[in-house]
Structure formats: structure tokens, C-alpha cells
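**Student:** One structure is given below, represented as C-alpha cells, and several questions about it will come after.
We did not get these values from a lab; they are worked out from the coordinates using the rules stated. What you see is a predicted model; the values in this text were computed from it and never measured. FYI the Cβ positions are ideal-geometry reconstructions off the backbone, even for glycines, and counts take in every protein chain you see.
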Amino acid sequence: MAKINLLPWRREYREQKQKEFQQVALLVVIAAGISVFLWMKTVDAQISNQSERNQILQTEITKLNKQVQEIKNLKKRRQELIDRMRVIQELQGNRPLAVRYFDEMVRATPEGLWLTGLKRSGNTMQIAGIAESNNRVSSFMRNLDQSEWFESPNLTGVTAKPEFGEQASAFQMTVNVSGRKKKEDQDLADAGK
């Protein structure tokens, strides 16, 4: 039999296979590197895109917050104007009340009775005066009680004043100022039920 030496052939075959393996490994490493680079670029692009969208959203949120603040300021200003208008309307409505109170006081005052002092504190009016007799004071109290503008007259003091007549006396009383307006408001409330 002939002697054939296969060692050099095997060595060449191994070297060739090793070169092929190295080439394939190098191609795999290059392909993996390119894939990682492309993936990183894609992720960076997505992050950049999302950052831009977030910035746009943040800008719009800032604009909306400014608009909301302006709306709140306008609502506050509107409420202040409504409150001012309400105060002005109340003042306009209450302006003639003083005249009506005095007019009603004159109508309720009987002959022989003189008023020397009027003082109003809130809804209470303090009245001081001189009457020819106690009957005049009683008549005055009845007239005030029947009035639409006054209620609950209360006599707080009576002292004799003989210098104005035999039965003359000075008196002090308090009366509540009710006003026709309250009566009308109550009538409206009753009508609404």
C-alpha cells in the first residue's frame, strides 16, 4: 500500500476553516455593531421626537394656564363689579327711605305732641319728645305700630314736665324701623311659594 501523508492537507483544511470562521465572526461582529448603531440612532430619534412633543405640550399647557388665570381674574373682576352694582342699587333704593321715615313720623305724630330728638342705630330708632298728656303718647305709639315703616314701639321713660302744661310729660321710646321694603320682600317670598 502506498503511504499518503494527510497532515499537510488537514492543516490547510483547518487553517481554511479557521479563516472562514474568523471572517464569519468578523461579519457577525460588524453586523451586530451596525445593528446596535442603527438601534441607538432609532432610539435617539424617538427620544428627540418625544422631547419635542413634550416641549410643545409644555408650551400649550403654559398658554392654557395663562388663559385660565386670565379667566379667574375676569371672574373675580366680574364678581367685584356685580357686588359694586348691588351696593349702588341698594343705595339708590334706600336713598328715599329717610324721607319716607320722616314723612311717616309726621303722619303718626298726633296734635299736642312735639318731638325733641330722633336717633337711629341700625334698625332701632330712639325718639324723645314732649306730650300734652299721656293719651297723646299712647296714640303716637298706636300710630307707629300701625305704620308700614315702623314696628314694636317701646316706651322707655316718662317724666312730668309741668312747665308745658298740667298733664304734660317728656317721654322717651324706641321703635324698630321695618320699612315697606321688608314687607314687600316678604310678600314676594310668599308669592313665590
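**Student:** Once Lys and Arg get +1 and Asp and Glu get -1 on their Cβ, which of N135, Q55, N73 lies farthest toward the positive end of the dipole of the chain?
**Tutor:** Positive-most Cα among the choices belongs to Q55.
**Student:** Please compute the Kirkwood hydrodynamic radius of segment 122-169 from all pairs of different C-alpha atoms, in Å with one decimal.
**Tutor:** 11.7
**Student:** Between Q172 and V87, what FRET efficiency comes out of the Förster formula 1/(1 + (r/R0)^6) with R0 = 41 Å and r the beta carbon distance, rounded to 0.05?
**Tutor:** The calculated FRET efficiency here is 0.75.
**Student:** Rank the residues K161, K19 as a footprinting-exposure proxy: fewest other Cβ atoms within 10 Å of their Cβ go first.
**Tutor:** Fewest-to-most Cβ neighbours within 10 Å comes out as K19, K161.
**Student:** In whole Hz, what ³J(HN,Hα) sequence does segment 46-53 give by Karplus (6.51, -1.76, 1.60; θ = phi - 60°), x for Gly and Pro?
**Tutor:** Ordered by residue, 3J(HN,Hα) equals 5, 5, 5, 4, 5, 4, 4, 5 Hz.
**Student:** In debye, nearest 20: dipole of the chain around its Cα centre with unit charges on the Cβ of K, R (+) and D, E (-)?
**Tutor:** Dipole magnitude for the chain comes out near 1860 debye.
**Student:** With +1 assigned to the C-beta of every Lys and Arg and -1 to the C-beta of every Asp and Glu, and no other charges, what is the dipole magnitude of segment 42-95 about the Cα centre in debye, to the nearest 20?
**Tutor:** 500
**Student:** For semi-axes √(5λ) of the Cα gyration tensor in Å, one of (1) 22, 22, 17; (2) 114, 16, 14; (3) 29, 16, 15 was computed from the structure I shared and the rest are decoys. Which label?
**Tutor:** Identified label for the calculated read-out: (2).
**Student:** Among N176, I34, V99, whose Cα projects farthest towards the positive end of the dipole of the chain, with charges put on the beta-carbon of Lys, Arg (+1) and Asp, Glu (-1)?
**Tutor:** The residue sitting farthest along the positive end of the dipole is I34.
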